[in-house]
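Values quoted throughout were computed directly from the atomic coordinates according to the rules given, and no laboratory measurement underlies them. From a predicted model like this one, the values you see are computed outputs, not experimental measurements. All Cβ positions, even for glycine, are placed from backbone atoms using ideal geometry, and neighbour counts span all protein chains on display.
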């Protein structure tokens, strides 16, 4: 197993434990009687891994969990079972379950401890680290949320065995984003291991998860509330959130949308004259194809149906990163070098989204 310690100013350090058997440490990190906020499907498959739970709130699988009704269900169950300020919760599932479970833990009695048990590759490399919690509303993705750091992350890779192929690829989309945000070294590591990652070889998978966690932990430690450097983690996301909203939340796996967003961010950077590494766009396209991820809106439409460019543009104007209705974008100059608040005119955006 691999352990990465996340240290943030003003917070107790917490461990991210990665590997088969990581959830065996649940009792040590969450006490004898943690309350579970669990993905109902994941719990059917892997509930035995979270054996110390004394009670639970089962939530819908995927993005369907991230709404007011599910949040209220979780909070009501916590109150019904008598949780107090000394209690701990386990959020057990993919990124959506961690988002709503972490939000419930942050709100209940103004905040109780939460341990994350991520069960998807995307959740292990991204959603479980950094303290962001959220639900979606009709106007956009992740518009209601808090910052609430977990007390531990137990990324038990035994749960990855049952992950559907498209959800596996979704996690790989966030891996590519993390590499492009971090530096040339991590990008080259992912490129060398692309075939092993696509084939789910656990040694390569656990190594890459650990490196992505280290990268994100370093960025979050410098900017927990996303006032500056943490904005880099939004690379590809303004495009991705628009794809998800127009298709209907949950229709396109998040990391698949992010992968297409990365390709568009590189094209936009090239059009804007910002891209300094002239070979980077072709490298990322090749890597995405090796990981069976889309490189263009056309490819995304072939997999997930119509995504009208005008509707995508309208969705971007409601993105939480927009300013006065004008969307902003993270655009790469090179691996590890990013423009954090670029704007693009409507004509360019419509051309990119065509």
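Between segment 215-262 and segment 331-348, how many Å separate their Cα centres?
Measuring centre to centre over Cα atoms gives 14 Å.
Over the Cα atoms of segment 126-260, what is the Rg over Rh ratio if Rh follows Kirkwood? List each step's numbers first, then the result.
Numbers: Rg = 14.9 Å, Rh = 15.7 Å.
Computed over Cα atoms, the ratio is 0.95.
Using only Cα atoms, find the angle between the long axis of helix 68-80 and the longest principal axis of the chain, and express it within 0 to 90 degrees, rounded to the nearest 10.
20 degrees
Helix 237-247 against the longest principal axis of the chain: what's the angle in degrees, Cα atoms only, rounded to the nearest 10?
Tilt relative to the chain: about 80 degrees.
Can you give the direction-averaged projected area of the convex hull of the alpha-carbon atoms in segment 88-157, in nm²?
4.3 nm²
Once the convex hull of the C-alpha atoms of segment 165-353 is built, how many Å³ does it hold per residue, rounded to a whole number?
Convex hull of Cα atoms, per residue: 107 Å³.
So what is the calculated 222 nm ellipticity per residue for the chain, using -39500 (n - 2.57) for each DSSP H run with n of 4 or more, over all residues, to the nearest 500 deg cm²/dmol?
After summing the helix terms and dividing by the residues of the chain, the value is -13500 deg cm²/dmol.
Take the chain, connect every pair of alpha-carbon atoms lying under 10 Å apart with a spring to form a Gaussian network, then pick out the residue of 223, 67, 84 with the largest mean-square fluctuation.
Its mean-square fluctuation being the largest, the pick is 84.
Can you tell me the order of 310-322, 189-201, 88-100 when each peptide is scored by its average per-residue count of other Cβ atoms within 10 angstrom, highest first?
Descending packing order for the listed peptides: 88-100, 310-322, 189-201.
Give me the mean projected area, in nm² to one decimal, of the convex hull enclosing the Cα positions of the chain.
15.6 nm²
How much length would be gained if the chain were fully extended between residue 317 and residue 161, taking 0.36 nm per residue of separation minus their Cα-Cα distance, in nm to one decimal?
So the chain would gain 52.3 nm between residue 317 and residue 161.
Out of 86, 250, 305, any idea which swings most in a Gaussian network model of the chain, alpha carbons joined below 10 Å?
86
So what are the three principal axis dimensions of segment 38-161 from its Cα atoms, in whole Å, longest to shortest?
The Cα atoms of segment 38-161 stretch 34, 33, 23 Å along their principal axes.
Just to confirm the number: angle between the C-alpha axis of helix 202-222 and the first principal axis of the chain, 0 to 90 degrees, nearest 10?
For helix 202-222, the angle is close to 90 degrees.
Whole Å is fine, so just give me how far the alpha carbon centre of segment 60-114 lies from that of segment 1-49.
If you average the Cα positions of each part, the centres end up 15 Å apart.
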